[in-house]
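The values are calculated or read from the model by the stated rules, or taken from the named source; none is laboratory data. Just so we're clear, the structure is a prediction, and the values are computed from it rather than from any experiment. All Cβ positions, even for glycine, are placed from backbone atoms using ideal geometry, and neighbour counts span all protein chains on display. Just so you know, the surface numbers come from the protein's heavy atoms only, side chains and all, with ligands and any DNA or RNA stripped out. Shrake-Rupley method; radii C 1.70, N 1.55, O 1.52, S 1.80 Å.
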Amino acid sequence: MRPRSALVASAFALLACSAASAAAPSAVVVTPQVRAELVVHAPEGVVPGRTIALGLLIEHQPGWHTYWKNPGDAGLPTTFAWTLPAGASAGEIAWPTPQRVPLGPLMNYGYDGRLLLPVELAVPQGFAAEALEVALRAEWLVCRDICIPEGGEFRLQVPAPAASAAHAADFDAARAALPVAPPGAEAGAEVAGGVLKLRVAGLPPSWKGRELAFFPEVGGVIHNAALPAARWDGQDWTAELPLDPQRSAGPASIPAVLTAPGETAGVRITVAVAGTWPPVGAAAAVDTAPSPSPPAPGGAAAGNAASPAASPAAAGTLGLPLALLFALAGGALLNLMPCVFPVLSLKVLGFAQHAGERGRLLAGGLAYAAGVVVSFLALAALLLALRAGGEQLGWGFQLQSPLVVAALAALFTIIGLNLAGAFEFGQLLPDRLATMQLRHPLADSALTGVLAVAVAAPCTAPFMGAALGFAVTLPAPQALAVFGALGLGMALPYLAASAWPALARALPRPGPWMATFKGSMAFPMFATVVWLVWVLGQQAGIDAVAALLGALVALAFLAWALGGAAHARRTRSALGGVGALLLAAALAWTLPALRSDAGVAMAAADGDWQPWSAERVAAATAAGQPVFVDFTAAWCVTCQYNKRTTLADARVDAAFAERRVLRLRADWTRRDDAITAELARLGRSGVPVYALYAPGGAEPTLLTEILSVDEVRGALAALP
């Protein structure tokens, strides 16, 4: 059964979440990847004014690892946050000697197997309690082929008078693995020719002639994966360590650990660096450059949107007839976008159900087209009205709201469960209302068009970014005409299919196969839910994702309880009451989580990419450095495709490095007035947009929305 119109409209109100009770903190946290336990070593008990040893004992599952204080090319170190009695203090983690963890072209530093990270705790002088109570919030990143951020709340009571030595062997092993500084050891280095020329004297005599590994405690200096040119010069070990091509630091000294094969503990050294470091990476160069005032012409101030009339695209040759043509063609191509396919599968199901009823197909096609066109016009009118009122918004703005994203995920979950046969909509409604839906099937087709537009609008930029950017600069009637043409183009293939008799006759006739086909259509819905949950994670963080998943579980339970065809009336009432309680209890968790800004940190530096700001663009171009800006969003499918293909291509990366291009990422996943203003200045109202700014403040070159390696390299080669 396809969704009834009243249910499609009311499903947005069914957002629910399940109540989850947080487990009380204990000394042990177990995940599928690790077992972590807060342990203590106090063989003399808790003595005022003395120290005891605490530690996090991590037992990794085979193949999994966590990271050292410098994780290497990727990863995060384990972190501790203590809650201690008044006067008590905890020291830093005493990191055991790490091991190299190669992963493809990367080299990381970390641990596997059984690991103890010890910390010394100073007991206050006046301590007189029967037990010392400590609490720890630990967070770690555990990786194999994938990486999973994990953490836990640990609580431990250490009895004061009694000895605590159950984990003495673990603390002894951790102590034996601590790097030591040999007496008389000296280390010095000189920067020359892109390498760090290192010489270490005073190493253990038994190490002579052996192949050593170098672990810098400072990240962003050494090319970790490169093999050093190392040799023994008498009793001294020398090595030429290549510098990191994206180096972000130039320290005067580098604390490091050297290890030899078969040795439990490494040697800790401090390398004094002589000479002058070459300039660090592009990002640091921009960060240290003064911001000109007023800004250079190449960058608009973050808070000041230039007049759209001055935008490069709007000043071009694109006129209204061409914009209408682009909109019509772009709307038709929009049906190929992955974000639209799940909704269109409902139309395909409808075609299959009524293949032999030409009149019904035509009426449904017209209703669907009306729903699509009216929805595009309504969204465009809302956008234009809000922009006229001073709001900085762009096309696709509805998916910048976590609440809308969550509501769409709930709606697609309900539709998918219905298609999979988990419940029937007719069981949820009073008989009179359900019967009314059967007498008005065109409402279903129209609302399918509304739903298609809700998820399709953010995908329009790849085909008609310039046309949309031009449309928002036009008077309202002409702008609405462009958006109406976009909707008509999107609906046109299905309108033609419903009106063309030859195509209708070619469609298969109804039969038992339709039950299987109907069930298969549930999976595109569930795939869209996965995408929407990922978008929400980018917007509001992992807590919001957990809240939404809990809400979807509660929603599925409620739909099954009330709509299960096999349930008796009394059973349905009882289960529905439980579902309603889950809904009421969960709202207090879900709604605050959706308002969280935890996901905004995703826009921070990502490898060679730095967060965008107009001031950074202005400073870099004024200093003679070209800038490439990726205007992107998590909900933009094309943005993610370009990011993982063209922008991740080694040839593009080499071209950026060769021209010393500063790479900035303007993340528009959540509403950002500064990014909206810059898009308007560039003559665009949606993402993706790729802008290449040449030194000197000239207007940027805008690349196409679907990038190719040759296009990016060609644009970089054309820089002065």
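For this structure, a couple of remarks:
- Segment A381-W534, length gained on full extension (0.36 nm per residue, minus Cα span): 52.2 nm
- In this structure, A128 and S26 have a Cβ-Cβ separation that, at R0 = 41 Å, corresponds to a calculated FRET efficiency of about 0.95.
- Per residue, segment 26-86 exposes an accessible area of 40 Å² to a 1.4 Å probe, with every protein chain left in place.
- Rolled with a 1.4 Å probe across the full set of protein chains, the surface gives V218 an accessible area near 40 Å².
- Segment 72-187 - percent of accessible surface contributed by carbon and sulfur, probe 1.4 Å: 56 percent
- F523 accessible area, 1.4 Å probe, all protein chains in place, Å² to nearest 10: 140 Å²
- Environment charge of V661, counting only residues whose C-beta is closer than 15 Å and scoring Lys/Arg +1, Asp/Glu -1: +1
- Note on segment 141-265: with charges restricted to the Cβ of Lys and Arg (+1) and Asp and Glu (-1), its dipole about the Cα centre is near 120 debye.
- Lys, Arg +1 and Asp, Glu -1 on Cβ, resulting dipole of segment 79-202 about Cα centre, debye, nearest 20: 340 debye
- Taking all protein chains into account, the per residue accessible area for segment 647-698 stands at 31 Å² (1.4 Å probe).
- Taking all protein chains into account, the per residue accessible area for segment 148-286 stands at 48 Å² (1.4 Å probe).
- Accessible area of S253 in the full protein assembly, 1.4 Å probe (Å², nearest 10): 60 Å²
- With every protein chain in place and a 1.4 angstrom probe, the accessible-area ranking of R659, R681, largest first, reads R659, R681.
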